[in-house]
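Okay, so here's the structure we're looking at.
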Amino acid sequence: VRKGPLLKHGKTLLDHSPTRATAQLMELCTAGTEGAEPVAQATEFLHIYIEHPQELLVFLEFIVNTVPNSEDENVLTTTLLELYLAQDLEAARMHGAQNGHVEKSTSSIAGRNERREKAFHLLQKAWPDDSSDPHFDSSKALMLCQASEFSQGLVFLYERMGQYREVLEVYMADHNYRSLIDTCRRFSESMANTQP
């Protein structure tokens, strides 16, 4: 598989054969002799997936899990997080299309819940402890979690950043008083040493 033709015609190939095109891109971005750099960087091909978010999700999951610590890891992980938290990644199923009525199926909701679970595991994997740097853009991750009302992700990020008062605000907004009290107990000493 050669890089040039895929850069030039990748979008057309994706339009006609998304599974095959994605497989070729996976091979191109991970191929190389042992210890050598891949032939291409995954970030070079993100733009061709503009109309194929599900295939982009598959592509990024493969790359993030196959090529750890790549130079583009932060961009790839942040983009994957964005896809996991997307409200409408799966196309709404058309029911009564003649009336212009679109309804999301229960499988669409289940898919969203599964992606949220994957988002949380991705955050944990990409920021394994609070003494290390995250392998994603933490500011953008916070914004994505806030925009998608992903409380579990917000709590994780705020805890890693040592912003315990924000953790309390998330729990108060969610009316999750048990977790609020638990957070006060766990981080009372750290919160006492910070400004109000």
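The values are calculated or read from the model by the stated rules, or taken from the named source; none is laboratory data. Quick caveat, the model's predicted, so the values are computed rather than measured. So basically every Cβ, Gly included, is an ideal-geometry build from the backbone, and we count neighbours across all protein chains shown. Ligands, DNA and RNA are stripped out before the accessible areas are found, and what is left, the full protein with its side chains, is counted by its heavy atoms. Shrake-Rupley method; radii C 1.70, N 1.55, O 1.52, S 1.80 Å.
Based on what the data block shows, is Arg112 open to solvent by 40 Å² or more (accessible area, probe 1.4 Å), at pLDDT 80 or above and basic (Lys, Arg)? Here the answer is yes, as Arg112 does meet what is asked.
So that you can scan it fast, the table gives a plain yes or no per residue for (1) modelled with pLDDT under 95; (2) among the small types (Gly, Ala, Ser):
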| residue | (1), (2) |
| --- | --- |
| His47 | yes, no |
| Ile50 | yes, no |
| Pro53 | yes, no |
| Phe59 | no, no |
| Pro68 | yes, no |
| Leu76 | no, no |
| Ala86 | yes, yes |
| Glu90 | yes, no |
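Please determine, by comparing only the residues of segment 150-196 that are at pLDDT below 85 and small (Gly, Ala, Ser), which one is nearest to Ser138 (Cα to Cα). My answer is Ser190.
I'd like to verify a number: residues in segment 146-192 that are among the aromatic types (Phe, Trp, Tyr) and more than 22 Å from Arg116 (Cβ to Cβ), how many?
Narrowing segment 146-192 to residues among the aromatic types (Phe, Trp, Tyr): 150, 156, 158, 164, 171, 177, 187.
With more than 22 Å from Arg116 (Cβ to Cβ) added as a condition, the list becomes 164, 177, 187.
Qualifying residue count for the region: 3.
Inside segment 50-77, can you point out the residues that are open to solvent by 30 Å² or more (accessible area, probe 1.4 Å) and acidic (Asp, Glu)? Selection gives Glu51, Glu55, Glu61, Glu71, Glu73.
Asp130 falls short on exactly one of the conditions (1) at pLDDT 90 or above; (2) in contact with a helix residue (DSSP H, G or I) (Cβ under 7 Å, 6 or more places away or on another chain); (3) open to solvent by 30 Å² or more (accessible area, probe 1.4 Å); (4) of a type outside the set (A, V, I, L, M, F, W, C), and that condition is (1).
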